[in-house]
Structure formats: structure tokens, C-alpha cells
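The values are calculated or read from the model by the stated rules, or taken from the named source; none is laboratory data. These numbers come from a predicted model, not from an experiment. Methodologically, a virtual Cβ is constructed for each residue, glycine included, from the backbone with ideal geometry; neighbour enumeration extends over all protein chains shown.
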Amino acid sequence: MRTMNTRFDGFLTRLSISNSSTNLKRNFGSTPLPILNKRLTMTSTDPFAKAGYRLHRLEVLNWGTFNQKVWHIEPNGDNALLTGDIGAGKSTLVDALTTLLVRNDRITYNKAAGSDKRERTLKSYVLGAFKGEKLETSHKSKAVYLREPGTTHTVLLAYFTNQNTNQVVTLAQVFWLADVTDSPHKFFVVSERELTVKQHFVGFDSIRDLKRRLREQKEWVYDTFEDYSTRFRALLGIRSEEALDLFYQTISMKQVANLTDFVRAQMLAKTDIDQTIETVIRRFDDLNAAYEAVQQAQRQLLLLEPITSRWQTYKQQEAAIADLAQIADELPLFFAYHKAQLYREELDACDTYYGIEAGKRDELEREVDDTTARLNDLRIARETSSVGQRLKAIAQEIDSKNDVRAKRTANAKQSRELCTLLDLATALDVATFTVNLRQLNQVAEQLDKHRVVVQQERDRLMQHLWQLADDRNELQTEIVSLKQRKTQIPDRWLTIRRRIAEAASLTETDLPFAGELIRVKPTETAWEGAIERRLRGLGLSLLVHDTDYSRVADAVERITLGERVVYYRTIGHDYRSIDRLSAQSLVNKVDIKDDSPFFDWLDTQLRQEHNLICCESVDEFRRTPYAMTRNGQVKMGKMRHEKDDRRDLTNRRDYVLGWSNEQKINALTRQLAELDAQLGRTKTQFDEHERVLKQIDGQSRAIDELRKQRDFADLDWPHTAAEIEQLETERQTLTGQSSELSRLEEAIQQTKKTLDLKKEAYKKQAEEVGKLKNQTTTLADKLYNALDTMDVVNQDADLLESFFRSDDDVMEQLPLWLQRLNRLTIPNDQLSSTHKAAIVERLGTADLNAGNIERKEDELRKQLTGKDGEIDKLTGQKERTGQDVVKKMQQYCHAFPVESRDYEASVTPIAARDFEELYQRITDDDLPRHRERFRRELKEGTINSIVHLQMQLGKSEKDVKDKIQKINERLAEITYDTALDTYIQLVPEPVTTADIATFKNDLRNCLSNSYGDTDNYAERKFADVKQILDKLMSQDEVDKRWRDKVTDVRQWYSFGASERYKETHTEKEYYSDSSGKSGGQKEKLAYTILASAISYQYNITWEGAPRTFRLVVIDEAFGRGSKESTRYGLELFGRMNLQLLIVTPGEKVNIIQQIRSACALCG
């Protein structure tokens, strides 16, 4: 070890370090740095003048520029002044002493000089960095080291003595490096005897040998600073790490810049609340898990309840359908019974009515026979005379001529009508008839040409009508579909989505079209058509969440959709640089639905693929690389241009964007009205052409008919009429010549009329009797069928069937058959009373009779089983209910895939029973159990832990107040102003900032009514707890700073200093954070506060405490202050029996020496 010469010269020991940079450059380490020690004895008779543990010696080996040799300073427990030129190594020695006492991660080396942590490091000290060397490849520099890794080791050693107790403590740390890229390795040594570097830390083969040797010498050897610190603090009487933090802070402290910060950091321990907070958080995690279990159970019930209720509805509908089907099956039995009664009554009536009507028929038959005989007698009498014979011949000739005239009249009428149809003159003579025949070929040719033209136009109109009808039906369907939803997506695309969703076991809401989530802004309607055209492809694309991608891909692969379908897997986009959007960009003219989970993906997609500038003019369009005009022309770069006019920009029928289709419905409704008007006009034109074609066909047939009339005589009915007139004249002449003949003729005519009347009456009566027989047969057949339906025929089948097998007249068999029917039993109990009542209720108040019973039966059957009947409607409702049940099952399975992995979403009793049992289990077991656990965790767990947290904070707050009181007791013993006999007291003031006040209030809210009768299971209580714990658990930097602030009770108070008179204890002046004071006043207050802090942290009393730590190092402090403040500080530290190691440059030593004489009086 290098020894140093010392001499005693006053209050301070002067340790002088000369600048040895020249020697270092020449031969670093070969010559020891000259250190001058000047020690003065203290002028004090106090037996405790050198009380406590004091630094006796500091040794370093290979530390910084102190190379190869063992270098040391020896204050020997006295106050010391460490001086030297700038760069001589004063701070290097201070950093060595700091390293021995303070955890390395808290140290900023050379802190007093304002260095940052990167300037000097433990590694640079171990390797001996002494200069920087410029790199050739850059403007940066690299460090040049005195020592190579793996060749040396570094030792720091401090030897402390306690004169009053004759105890010593040695602290040492050993460092070494294997490679320049490594961090220093180290171990720590604590001993209760005097150790030296030369005797105990050199001359070994390896670090392992050194550690083993030290342990064999019964020294404490540690691998961690924590264990090492715990041991030496116990030996040196250092109560807490805060004392060492104060030791470290004091080294570089120039003044108390902020009194509150100083008191908080140096006098008050940080509230040790982390473990308690972790306990609260852990208990809250349990509470939150219980709460989530309750919430999940409630969410499950929310989804399961509709499943069970809709399943019950489904079963009720199924039962109702079965009941209606049974009623429909029993309708024949119900009506068969009533038919049997009604038809039996009707047959009795027929039997009675037949006797009356048959008598009338027979009477009329006799009257006809009598009248016929009388007429024959009259005719014979007339024909026996000569005039009668001529009259008979004339009558026959007139009859013949009348036939000819009738035929020719008909031919003439037809000819007239046909000529009128063909716009030809009526053929009243041979000449006109001949001209007409010659014109027929020309008219036929003109008609054929006209037919071709009209038929072609008719066919065109027919095709147009079909197209318009198809368009109307499609438009009407689209409007109906739009009214049932809000989207503008066409119905056929919704059908495609429905098919994909069903195949993928998803809901339609899981697969939105992009167009359902994008709309043109209401302020940009002028651009709506162009934007719709540009985004139509994207709008008709399905968006698939990444979790659903595999199912959708499989579904699309399996089914044939009949359309070109595009869907996007909405994962992150490949990165593409996007310039700042222009105000005229298409992206800024559309909105994306805010609450959509696809918002971010759509926003990026629009920015990357559709960031087009909407240009108002063609000139602007030509200048812009990526642009679009209002008419839909698109420019993608400098080369590619596109304009697709296959769809009308203004036709809202083609619009697909937006989550409201009201405008589209209005537009399509107007289109429908226009289409109806166009359809009406076209139909009118078509009907007109049809009429013309029919007219042409009629004219063609007229030509054919006229061509058949080759002889005008076939039309000349007037000639025949004239011949008949001549014959009538002759007959009248002959008849007038015989009165007997006239009498006979008159009788014949009168009898003939009477006979005609009798025959007509007989015919009608015979028809009425025939109808009655047919009616009887029909009623009998219906009665048989009704009895057969009720299974009554089996009682006497031969009896019932004999009526139909017999050859006898039906009406003759009827009385006997009816008489035998009375022996049969017709049951009336084949239907349940419930079903009878249901049938009667549906029949209403209408009376049944034989005439309406079959119609009523048919109507009721259609009401039950027909299209749109009760069963049909209820079946539709049941199917929709079943679909709803499956949809809700799928929603549950999608929401809870793990819990439902073994469940099947189908309308089957087994699947439904699984969901019902799950619902019952959650309702009866899971939810009550989770709620009970939640209540228990809330009250017994989280609330209790918060109570503990509040109690610990309250205890910490009390500790703060107690510590301030103890510090004030120490401050009261220090005379601050000797002339006025004043002292300083710290004054704590509660901090009223919102964050701390809110935190305290939130804690109180968490605990309000916690132990009363109030049920703690409440959303409000949980919300109170969650509100505060969410922030306590947050990893956000802002929340972390908030947590550190509000849970550190020191932050609950700010501190001022009150200067008071000792005599009256009244306040002279109040200092707030040293504000408004001169430099000397600030230094004086700083020394006072620092002295009280040291006194408190070192546990020093004025009466003396032998087992306490007494070393204080101050780097360049007293040299900067005024003489008065420096004198005050030295005097104060001297009275407290502290060992001062004052570090100052050589040129400032005289400042300290000027006040030395005054300081010597401090003893």
C-alpha cells in the first residue's frame, strides 16, 4: 500500500491530489499520485466528539485512472477536505465510496459535475477509461482503456471505526471482466475486523480462490448487493435504505430547490403499499372472475331463454298443427252424421213430393192424348173436300218456297255483311255481284301484305310487353324486399349471402356486404352516381372475419352460387404508403358505419384502392394522376383510363351503398309508376294490333266465303218472296169461297194450339218427375256414402246396397228402403267434444241443410287444409319458428363455442333438450352459485382487501405525521438565527389536487355500507370497485404515474418551513419551497433541513448515539456558498458530530480556510 505523509494543522484534514496527467501519459501507475494529508485535532472535550462509525481509510485498486497500485486516503475518522486540480480524480474517489454504500442502479457517477449516466459507468471505471479516440469511419469517438479485460481485477475498500465502542467494519467490493463486451462481475465483502487490499485481496490464483480464502477467514461474502447491504447496515446502525439515499443525494446537493420534494424524498419513506395493492388486485381478479362468471351466465341465459321459449312455441305450433290435422281427418265423420240426418229427411220429402208430381204428369198425359185424337178428326174432315185438296197443295208449295226464301235471305244477309267488311258495294244485282267477284284477288293480296306488317309490329310489342312485365315483377319484388330491410343490396345477392351463411353455420349479420357499411355523405349527392359506380364491386363484396374465414371458404367451395361472388378476409393490409388525403378525395366523400367491427379495414381499403381525386373539370382530371369525374370517368395513373356506361349513373335501382334504402325505395317506386304507365301504353298498342289482326283474319274469311257464292240466284230472295206472295193470294181466294172449310180450319188451328200447350205442360211435368227421381237417386247415394263413412253400412250391407242393385223403379223401392233404414243405429259419439266444438265454432251461425252441407264441408276443409289455410299458415309459422330456434341456437354456439362444442343447432327434440337442460342448469345452479361467489368475493375478498389498503394508507399517513413531528423535534434543537433565537419547523399541508381527492373519495365509496344490511351484490358497488382498480392495474404510463402518486402518502402533503421564536413559539416567517429568498438564505435553510434529515435518517441525537453512522460527503458545496452560510453549515454539522468529507477544487480551498478559525470554535 502506498503510504502518505500527514501533519496536523486545524479543524480539517486536507487531502490534496495533484494533477498527474503528465505522469499518466508518460508512465501510468508507475508513480503514485501525490496526496498530501493535513490533519488538525478538534478543539472539543466532548467524550462523544468522534461518536459513531466514521471513515478511517478508503483504498482503491485499478479504479478509474488509479492504476496498478493500491491508492488510499485516510481521514482517520476526522473531518477532511479533499482537494486537487480539475481532473485530478476527486470525483473518482467519491464514486468509489458511493459504490461501496449505494446500489449501483441508483448511482449517476460524477453527479456533482452534472454528468449523465452514459459519461461514466461502472465498466469504464473497472477498465480505466482515460480518454476518447476519434473513429476513422465516423465523427464518433471510442474510449481508450488503461486495462485489458481478463488481466486484472478491481478492489474498492472502506474501513470504518467506532472510537466509543472500539468496533470496526470493513466493506469491500471486487470487480472483474472476462471480455470487453461483458458487464462487470462482482462480489461483496463485509468484515468486523480491519482488512486491507494488499493483505487480503491480492495474491490469489482465481476469483474463486479469493472468495474461498475470505470465507475461510470468517468474512461475510455475498453475491448480491441486497444481502451485502442488509449486513453492513445492521453493523453500521443504518436503519433504512433511505439513509443511504440521503447520503448519496447529499454528495451533490447544492441547495434545497424544492422543500416539498426534499422532505418527501429524504425524510419520508415511500409508502410500502405495492404488496397490499397486489393483494387487492389479486382479490379483484378473483372478484372479476366471479363477476365475469355471473355476466357470462346472464349472457348465456339471455341467449338461451329465447331458445327455450321459441322451442315451446314451436312445440305448441306442432301440437296445434297435429290437432288441426286430426280435426281435418274427423271432418268427414262430423258431416257424415249431419248428412245422414239431412239426407234422410230429404228422401222422406222426395217420397211425398213424388206422389203429387207423378199424378200431375199422368193427368197431363191423358189430356194430350185426348186433344191429339180430336185434332186428327178435324183434319180428316177438312181433307175430304176438293178445295181442301188444292189448299193442301198450295200449303206444301208455300212451305217449299219459304225454305228457299229463308236460305236465300240468309245468303243475301251474309253477302251484305261480308261486302261491308271488305268495303265492297252490296250485291243487289248481277252486275255488282260480278264486279265484287273480280276484286276479291286484289283485296286478298292487300290484306296479306297488311297482315305481315301488323303481325311483325304485334310480335315486337309482345316481346316488349314481356320484357316490361319481367322488369315490373323484378322491380316490384325488389321494392317489397327493400321494405323488409334497410340495405340497398339487391335481393338476389341477399339470397346468395343467406345460402353462404347457412352453409357456413353463420348468421347473415356475420357476413355484411361492404355496401351495407359505406354510404355517400348527404352533402355529396352530386357525386353519388359516380361513387356508386366506382364502389359497386366493393359494395357487393362480403366481409369475412378472420375467425370465420375457413368456414366461409369451405362453404363457397361446396355450393354453386350462380353468380360471380367476391369476399374479403379482413386481415391486416399489406403496408402501402398513403399520402395525406385531399379534401376532394373520394374517401372524404363517403362515411363508414361507426359501430362496425370492419371500420378500420374498410377505411384502409378505401384509402389504398379508391383514393381518387374528384375533379370538377376535364382539365383538372388530365392533370391529376388518380382521379374521377362526375360522369364516372376514372384515371388510374398516367396510362389507364376507364369509363363504364353500361349502367345509368342516375338510376338508383343500381345503387348498393348505404345503411338506409329510403331514397332507393322512393326512386324505385317512381320507376314502378313510370313502368306501369309504359306497360299500359304498350298494352293498348298491342291490343289495337291484335284487333287489327283479328279484323284482317275476318276479312280473309269473308273473301273465302264470297268466293263460294258463284251464282247471284242464290242471293235473289225477293224473286222467291214474290212467288210466295202469289200463292198466298190464291189460297186466300179459295178459302174465302167456302165457309165450312173456314170453320174446320179455324177449329184445327185452335185445337193445334191447345195441343201444343198440353204437350209443353206434359214435357215440363215429366222433366220435373225425372229430376225428382235423379235427386232421389243422388240423395240415396250420398246417404249411403255418409253411412259408409260412419261405418254404419256394415250393420246391414245387403239392405243398403239392394236399393242400387234392383231393377225396379227407384221411387217404388224408396218407401220400403226408408222404412228399413230406421232399424239402423247412427252413432253420434265418434268425435271428441273438443273437436266438435272447434268445428262448430268455425261453422259459425250458419244453418246446415241438404243444399249447403257439402259446400260448407268443402269450405271448412279448405279453411283447414287448403293453400293458405290454417294448417298451411301454422306450418309456415312453425317453420319460421324452427328457423328462428336454429338461428338462436347458432347465435349461442357462436357466442359460446367452447360451452356448446357438443351441441347441435337443429329443430330436434334431442338438440332442444340439450339447450333446455343447459338453461335449467344455469338458472337453478350456475347463476345462483356464481352470484353467491360474487357476493362473497366482493364482501369478504375485495372489500376486505380495500379496507386493509385504506388502513395501511391511514397508518402510512399517521407515520408521515409522526415522522414530521420527530423531525420538528430535531429542528427545534437547532438555532436557526442566533441573533433572534429562532428555529425552523416543517409545516405539512394537505394536497388538494383532484387526482388524490378523487382517489380518497373513490376508496370511501368502495367501503360505504360494506358492513351494513345493504346487499353488496349491486352493479353500483362493483362499478365503484372496478373504477379504482382498473386504474391501479393499468400498465399505461399515465396510470402508473397516477398510481405511484395517489398511493404514496408522501404525495398527500406539501411542505413549508416556518421560522419561529424559541421564546414564544410564534411564527416569524413562513417559507414555501425556499421561494423569494436570497442565495445565502436558501443555502442556510438547505443546511438546516439537510441537518435535520441526516439527524433523522442517521438516528442521531444531541445526547449522542454511539452506534450510528456519521459520514457525510459534500462535493463542491461549501465552495459555492457565502461565508455566512458556509460557516453556519460547518458549525451545524460540527455540533451534530458528523464526519465531513468536503470535496472542492484546489483553487477554492482558500474559501473554506477563510472561515476555518470560526469553525474551530464549533467544538
Cβ pairs under 9 Å, 6+ apart or interchain, first in the stretch 602-628 and touching a residue at least 40 places away in the same chain (Cβ under 8 Å), second basic (Lys, Arg) and surrounded by fewer than 18 Cβ atoms within 10 Å (Cβ to Cβ), ordered by first then second residue, are LEU602/LYS593; CYS614/ARG630
Picked from the stretch 1051-1069 (must be assigned to a strand (DSSP E or B) and under 54 Å from the mean Cα position of the chain (by Cα)), the residue farthest from THR1088 (Cα to Cα) is TYR1053
Restricting the stretch 86-106 to residues that are surrounded by fewer than 18 Cβ atoms within 10 Å (Cβ to Cβ) and touching a Ser or Thr at 6+ places or on another chain (Cβ under 9 Å), the one modelled with the highest pLDDT turns out to be ARG103
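Using the structure shown, decide if THR1126 is in the same structural domain as VAL94 (by TED's automatic domain parsing) and either modelled with pLDDT under 80 or buried (at least 23 other Cβ atoms within 10 Å of the Cβ) (or both).
yes
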Of the candidates LEU606, LEU602, LEU542, the one satisfying the condition of being modelled with pLDDT of 95 or more, within 13 Å of ALA514 (Cα to Cα), in contact with a helix residue (DSSP H, G or I) (Cβ under 8 Å, 6 or more places away or on another chain) and surrounded by 12 or more Cβ atoms within 10 Å (Cβ to Cβ) is LEU542
*Would you call LEU860 under 30 Å from LEU1003 (Cβ atoms), in a helix (DSSP H, G or I) and either in contact with a Leu (Cβ under 7 Å, 6 or more places away or on another chain) or among the hydroxyl-bearing types (Ser, Thr, Tyr) (or both)?*
no
From the option list LYS759, LYS773, LYS753, LYS782, single residue qualifying as under 30 Å from LYS392 (Cα atoms) and surrounded by 14 or more Cβ atoms within 10 Å (Cβ to Cβ) is LYS759
Has the stretch 674-682 got at least one residue that is free of Cβ contacts under 8 Å to residues at least 60 places away in the same chain and closer than 26 Å to GLU516 by Cβ? no
Would you confirm, using the coordinates I've provided, whether ILE571 is β-branched (Val, Ile, Thr) and surrounded by 14 or more Cβ atoms within 10 Å (Cβ to Cβ)?
no
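If the requirement is being surrounded by fewer than 19 Cβ atoms within 10 Å (Cβ to Cβ), under 19 Å from GLY64 (Cα atoms) and either assigned by TED's automatic domain parsing to the domain that holds TYR53 or in contact (Cβ under 8 Å) with a residue 60 or more places away in the chain (or both), which of these qualifies: GLY203, GLY150?
GLY150
Where residues in the stretch 383-432 are hydroxyl-bearing (Ser, Thr, Tyr) and assigned to a helix (DSSP H, G or I), which of them is modelled with the lowest pLDDT?
SER386
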In the stretch 875-909, anything closer than 27 Å to LEU324 by Cα and of a type in the set (Ser, Thr, Tyr) is listed as THR875, THR881, SER906, THR908
Legend entry - Condition met for LYS664 (surrounded by 15 or more Cβ atoms within 10 Å (Cβ to Cβ), touching a Phe, Trp or Tyr at 6+ places or on another chain (Cβ under 8 Å), within 26 Å of TRP466 (Cβ to Cβ) and charged (D, E, K, R)): yes
Per the filter on the stretch 827-863, residues among the hydrophobic types (A, V, I, L, M, F, W, C) and free of Cβ contacts under 8 Å to residues at least 12 places away in the same chain are ALA837, VAL840, ALA846
Cβ pairs under 7 Å, 6+ apart or interchain, first in the stretch 728-755 and closer than 19 Å to ILE380 by Cβ and at pLDDT below 80, second in a loop (DSSP other than H, G, I, E, B) and not hydrophobic (A, V, I, L, M, F, W, C), ordered by first then second residue, are LEU741/SER385
Of the residues in the stretch 866-908 that are of a type in the set (Gly, Ala, Ser) and under 30 Å from ARG842 (Cα atoms), the one that is surrounded by the fewest Cβ atoms within 10 Å (Cβ to Cβ) is GLY876
- request: Examine the stretch 237-254 for a residue that is in contact (Cβ under 8 Å) with a residue 60 or more places away in the chain, out of contact with any Cys (no Cβ under 7 Å at 6 or more places or on another chain), aliphatic (A, V, I, L, M) and within 30 Å of LEU860 (Cβ to Cβ), and state whether such a residue exists.
  value: no
Filter the stretch 817-831 for residues that are surrounded by 12 or more Cβ atoms within 10 Å (Cβ to Cβ) and farther than 30 Å from ALA328 by Cα; the one that is modelled with the lowest pLDDT is ARG820
Within the stretch 470-498, of all residues that are buried (at least 16 other Cβ atoms within 10 Å of the Cβ) and basic (Lys, Arg), the one farthest from LEU657 (Cα to Cα) is ARG472
Requested in this report: Could you tell me whether THR509 is assigned to a loop (DSSP other than H, G, I, E, B), free of Cβ contacts under 8 Å to residues at least 12 places away in the same chain and not charged (D, E, K, R)?
Outcome: no
**Message:** Looking for something under 28 Å from LYS589 (Cβ atoms), out of contact with any strand residue (DSSP E or B) (no Cβ under 6 Å at 6 or more places or on another chain) and either hydrophobic (A, V, I, L, M, F, W, C) or assigned by TED's automatic domain parsing to the domain that holds ASP591 (or both) - is there at least one such residue anywhere in the stretch 463-479?
**Reply:** yes
Considering the stretch 253-286, residues that are more than 54 Å from the chain's Cα centre (by Cα) and crowded, with 19+ Cβ neighbours inside 10 Å, and then whichever is nearest to GLY1056 (Cα to Cα), we arrive at VAL256
Does the stretch 458-468 include one or more residues that are in contact with a Gly (Cβ under 6 Å, 6 or more places away or on another chain), surrounded by 12 or more Cβ atoms within 10 Å (Cβ to Cβ) and closer than 30 Å to GLU662 by Cα? no
Taking the stretch 631-669 and keeping only residues that are under 35 Å from the mean Cα position of the chain (by Cα) and of a type in the set (D, E, K, R), one is left with ARG647, ARG652, ARG653, ASP654, GLU662, LYS664
